[in-house]
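The values are calculated or read from the model by the stated rules, or taken from the named source; none is laboratory data. Note that the coordinates shown come from a computational prediction; the quantities given were computed from them, not determined experimentally. Glycine gets a Cβ as well: all are built from the backbone with ideal geometry, and neighbour counts include every protein chain shown.
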Amino acid sequence: MKPLPDERGYFGAWGGRFVPETLMAPLEELAAAWEEARRDRTFRRELDELLASYCGRPTPLSLAARLTEHLGGGRIYLKREDLCHTGAHKINNALGQCLLARRMGKPRVIAETGAGQHGVAVATAAALLGLECRIYMGTEDERRQALNVYRMKLLGAEVVGVDAGSRTLKDAINESLRDWVTNVKSTHYVLGSVLGPHPYPVMVRTFQSVIGAEALLQIRERHRGLPRLVVACVGGGSNAAGMFTAFIPHRNVELVGVEAGGRGTTLGEHAARFSGGAPGVLHGTRTYVLQDQDGLTAPTHSVSAGLDYPAVGPEHAFWHDTRRVSYARVSDREALAAFHLLSELEGIVPALEPAHALAYVCRVAGKLPRGEAVLVCLSGRGDKDVSEVAALEGVAL
Ligand SMILES: *Cc1c(COP(=O)(O)O)cnc(C)c1O
């Protein structure tokens, strides 16, 4: 079977390039540069060197011994992306794309950010590589994430507030696209997940696939075999795609992506695209989208900002339809319980996003035989969420 996506960026019926004419040339230029860089040993060596000496890769694989004992079933291993520089997996992709921008002779990068995590990762990589950096952020998000706005400024980035529409992520994406079209000669647009028009989904997945490649080697050595189950949370889907890619050919390994079930199953109360969404086009790609009967993109909710997005990466849509990966939903409440459990039993405060993956593991691990392994992608640390959790639980800080 030919590797996916095809030349037009399709994973079966999903993906593609649904953009205005003006974006076609920049996307083709990017696809060609990416294709060339991907095959170039010097580029790969330079990226690997930065991932090792700057990000701290390989990240450890930790056996969660007390959590395993508590749940009483399969042995739970955590892939520690929380130990990456800047606290999450997003830096893997930000560094890769900034290195590509430099290779393309572009001195300037732009990015959109919602909660600020992707913006911080891009501002970090841009500072390291000496690139000019502008981050677009809805003014409502700027207000909610003041600390990350200041962090990006400390890193030398310019943060531009977008005062249009709902003043959140999707408005920031629209503004970034406008900037890119205008300044494409000097500028690369760093997209933050396996979303958007081709080649972004395949490029971001490839930059993140270091997670699964490392984890496969580590678990083979530590567990002396493959895991029975691999679990990751799915916002746009980049940490999950990065983890799953290495395990896709191993048909006996069950793969589960976990979406935000939020407060309930009503449209607007969650971000579970596979159980609540339908095929549609959003931000340049054809995928599952949460939408109302008229096809208007629906509002979403999740306790974790990183999972709170109405569309999912097109490759996940393909894995869903071909049933290679199954997708589950976990509520805000279950994720919060898992957030506390991991903190108390393992001394690791997880981000609220991977707390969703952990909550799913809490549901099923007890039913697995003791000899089996469960691998969880711990995509980020919880420092960014501590004050949010305190506020939700009525603790005054
Ligand atoms: C942004 C983020 C996510 C969600 O993004 P994906 O592209 O789905 O990986 C998950 N975990 C953490 C810690 C994040 O910062």
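Points worth noting:
- Answer from GLY161, GLY165, GLY119 - the residue that is in a helix (DSSP H, G or I), closer than 26 Å to PRO20 by Cβ and small (Gly, Ala, Ser): GLY119
- Scope segment 58-74; condition closer than 19 Å to SER209 by Cβ, more than 16 Å from the ligand (Cβ to nearest atom) and not aliphatic (A, V, I, L, M); matching residues: PRO58, PRO60
- Within segment 1-47, the set of residues being over 19 Å from LEU195 (Cα atoms) and among the aromatic types (Phe, Trp, Tyr) comprises PHE43 only.
- When ARG41, ARG108 are checked against the criterion of being among the basic types (Lys, Arg), out of contact with any Ser or Thr (no Cβ under 9 Å at 6 or more places or on another chain), farther than 26 Å from ARG8 by Cβ and more than 16 Å from the ligand (Cβ to nearest atom), ARG41 stands alone in meeting it.
- Selection count, segment 309-368, where residues are within 17 Å of the chain's Cα centre (by Cα), part of a helix (DSSP H, G or I) and of a type in the set (Val, Ile, Thr): 0
- Only one of the listed residues (GLY257, GLY268, GLY242, GLY262) is over 15 Å from the mean Cα position of the chain (by Cα) and crowded, with 21+ Cβ neighbours inside 10 Å. That residue is GLY262.
- Residue check, GLY212 assigned to a helix (DSSP H, G or I), buried (at least 24 other Cβ atoms within 10 Å of the Cβ) and touching an Asp or Glu at 6+ places or on another chain (Cβ under 6 Å): no
Quick grid of which residues meet (1) surrounded by fewer than 20 Cβ atoms within 10 Å (Cβ to Cβ); (2) at pLDDT below 95; (3) of a type outside the set (A, V, I, L, M, F, W, C):
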{"position": "ALA121", "(1), (2), (3)": "no, no, no"}
{"position": "TYR136", "(1), (2), (3)": "no, no, yes"}
{"position": "GLU140", "(1), (2), (3)": "yes, yes, yes"}
{"position": "VAL149", "(1), (2), (3)": "no, no, no"}
{"position": "MET152", "(1), (2), (3)": "no, no, no"}
{"position": "ALA164", "(1), (2), (3)": "yes, yes, no"}
{"position": "LEU169", "(1), (2), (3)": "no, yes, no"}
{"position": "ASN183", "(1), (2), (3)": "yes, no, yes"}
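- Within segment 341-355, the residues that satisfy the criterion of being more than 9 Å from the ligand (Cβ to nearest atom) and out of contact with any Ser or Thr (no Cβ under 6 Å at 6 or more places or on another chain) are LEU341, LEU342, SER343, GLU344, LEU345, GLU346, GLY347, ILE348, ALA355.
- Checking each residue in segment 75-90 for being assigned to a loop (DSSP other than H, G, I, E, B) and within 9 Å of the ligand (Cβ to nearest atom) picks out GLY87, HIS89.
- Selection count where residues are part of a helix (DSSP H, G or I) and either free of Cβ contacts under 8 Å to residues at least 24 places away in the same chain or within 16 Å of the ligand (Cβ to nearest atom) (or both), scope segment 227-280: 10
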